[in-house]
Amino acid sequence: MDWLTIFGKILTLFGALGLFLFGMKLMNDALQKIAGSKMRHILGAMTSNRIKGVFTGVLITSTIQSSSATTVMVVSFVNAGLLSLISAVGVIMGQISAQPLQPG
């Protein structure tokens, strides 16, 4: 591989990471703007205990088929004050259990 190919791959990596972080910021800002009492109530009911939180994580991760997107959503919910940290841990644990096992 020549240096130009390597440099192009590095630029692509940084560009993709920048877009991901920009999207995370946009979603976080949007969630904070629309965070109403109804959404807070729904999230509170879905994560009222650890078991419900784990099942919520499994359901969301299975539905959108992306643990990264689930993590970004959970972090945004905690940042917006819609979800407590303890509830977020339950959702993340459910997300981890929903991921398929890798062969080998």
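The values are calculated or read from the model by the stated rules, or taken from the named source; none is laboratory data. The shown structure was predicted, so the numbers you read here are calculated from the model rather than taken from an experiment. Please note: Cβ atoms are built from the backbone with ideal geometry, for glycine as well, and neighbour counts cover all protein chains shown.
Annotations
- Number of the condition not met by residue 66 [criteria: (1) under 23 Å from residue 86 (Cβ atoms); (2) surrounded by 13 or more Cβ atoms within 10 Å (Cβ to Cβ); (3) not basic (Lys, Arg)]: (1)
- Picking from residues in the range 69-90 that are over 19 Å from residue 37 (Cα atoms) and in contact (Cβ under 8 Å) with a residue 40 or more places away in the chain, the one that is surrounded by the fewest Cβ atoms within 10 Å (Cβ to Cβ) is 72.
- Those residues of the range 66-91 which are among the hydroxyl-bearing types (Ser, Thr, Tyr) and part of a loop (DSSP other than H, G, I, E, B), in sequence order: 66, 84
- Residues that are more than 11 Å from residue 94 (Cβ to Cβ) and under 12 Å from the mean Cα position of the chain (by Cα), drawn from the range 42-78: 64, 65, 66, 68, 69, 71, 72, 73, 75, 76, 77, 78
- Qualifying residue in the range 33-41 (condition: part of a helix (DSSP H, G or I), more than 21 Å from residue 86 (Cα to Cα) and over 12 Å from the mean Cα position of the chain (by Cα)): yes
- Scanning the range 1-33 for residues that are farther than 26 Å from residue 93 by Cα and either at pLDDT below 80 or β-branched (Val, Ile, Thr) (or both) returns 1, 5, 6, 10, 12, 33.
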